[in-house]
Amino acid sequence: MPPRKRPLEPSPGTPAQPDVKPVISPASKSTDDPASAPEVQPPAAILNNLKGPEREVYERIFAAGNKGMSSQDLRYALKLTAPTLNKLTRALVQRGILKEVTDVRHRGKKVFMDARIEPSPEITGGTWYHNGQLDTDAVAAVRRRCLDQIDRLGAATPDMVHKGVEREDPRAGYAIDQIRDILQTMALDRVLEECRSTGEGEFSAVRAGRVCYRRGGAPQGGMIEGIPCGVCPRIDECSPDGVISPTTCVYYKKWLQMDF
């Protein structure tokens, strides 16, 4: 049996190394739990160039994220007068630190947010809005695409229409929710009819019981189911003083004028 080797001893000039336990930084902790995710702090490069009230205004707006913050909310939170707040926000916008974004949920209302942050679809209105205004050209284009698919298929679900549009133009980039919104508005316009498949005849390509769309017609189920509010994709954004409201809704006005 060969002799055992003696472990190497540290040289006299080398101090013995103590046992060191690995240190886990806060950033390396699991973020599966949203509560444990680190809070995003305002950029130091910006904060270092702001003093006093300007810094307070920016910190409040940064904390609001992609929802932004209105002048009214800022005045209430910081106890500032309207002229003072207007001067501060105007200076921050001119320096490119903040930007103003139109909130489509409230007519004419604007919110402030960090200039580098993209506003949420809830604020901008999503794909169909541009600078706070409905993009009628984009809506008209996707309506034509959806109608082409319905004409080709006879009756189709939103998934079927979406796949057909993607197949014909892979660059279109429409999400299924966007196609569903357009189909619902076309049903409100009575260009299409929302119905349930029987699985037979013109519905043979659609599983029985599934909601699908076909060329226009009167809504099934009588007057109550025909109320446009019941199927409106923007019902959650509808309010008396908003861009979308009962007093400005063309679908609701049409329904009131119908002879049942």
Expected single match for touching a His at 6+ places or on another chain (Cβ under 7 Å) and either outside the structural domain of Ile244 (by the TED database) or modelled with pLDDT of 90 or more (or both) among Ile150, Ile176 is Ile176
Selection over the stretch 100-121 where residues are touching a residue at least 24 places away in the same chain (Cβ under 8 Å) and either in a strand (DSSP E or B) or touching a helix residue (DSSP H, G or I) at 6+ places or on another chain (Cβ under 7 Å) (or both) yields a count of 14
Selection from the stretch 121-130 of residues on the phi > 0 side of the Ramachandran plot and crowded, with 20+ Cβ neighbours inside 10 Å yields Gly125
Within the stretch 173-184, restricting to residues that are open to solvent by 10 Å² or more (accessible area, probe 1.4 Å) and not charged (D, E, K, R), the one that is farthest from the chain's Cα centre (by Cα) is Gln184
| message | Looking at the structure I just gave you, is Asp135 of a type in the set (D, E, K, R), open to solvent by less than 30 Å² (accessible area, probe 1.4 Å), under 20 Å from Gly242 (Cβ atoms) and at pLDDT below 90? | response | no
When every residue in the stretch 101-120 that is closer than 24 Å to Gly242 by Cα and loosely packed, with under 14 Cβ neighbours inside 10 Å is compared, the one modelled with the lowest pLDDT is Gly108
The one condition Val211 fails out of (1) open to solvent by 50 Å² or more (accessible area, probe 1.4 Å); (2) at pLDDT 65 or above; (3) under 15 Å from Ala187 (Cα atoms); (4) outside the structural domain of Arg152 (by the TED database) is (4)
Note on Gly125: of the conditions (1) in contact with a Leu (Cβ under 9 Å, 6 or more places away or on another chain); (2) at pLDDT 90 or above, unmet is (2)
Looking across the stretch 185-202 at residues that are out of contact with any Lys or Arg (no Cβ under 8 Å at 6 or more places or on another chain) and either at pLDDT 90 or above or assigned to a loop (DSSP other than H, G, I, E, B) (or both), the single one that is surrounded by the fewest Cβ atoms within 10 Å (Cβ to Cβ) is Glu200
Notebook entry, point to check: Can you spot a residue in the stretch 156-172 that is surrounded by 14 or more Cβ atoms within 10 Å (Cβ to Cβ), among the small types (Gly, Ala, Ser) and touching a residue at least 40 places away in the same chain (Cβ under 8 Å)?
Noted result: yes
Inside the stretch 43-78, the number of residues satisfying the requirement of being open to solvent by 90 Å² or more (accessible area, probe 1.4 Å) and without any contact (Cβ under 8 Å) to a residue 40 or more places away in the chain is 8
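The values are calculated or read from the model by the stated rules, or taken from the named source; none is laboratory data. This structure is a prediction, so every number in the text was calculated from the model and none was measured. So basically every Cβ, Gly included, is an ideal-geometry build from the backbone, and we count neighbours across all protein chains shown. What goes into the accessible areas is simple: the full protein's heavy atoms, side chains included, and nothing from ligands, DNA or RNA. Shrake-Rupley method; radii C 1.70, N 1.55, O 1.52, S 1.80 Å.
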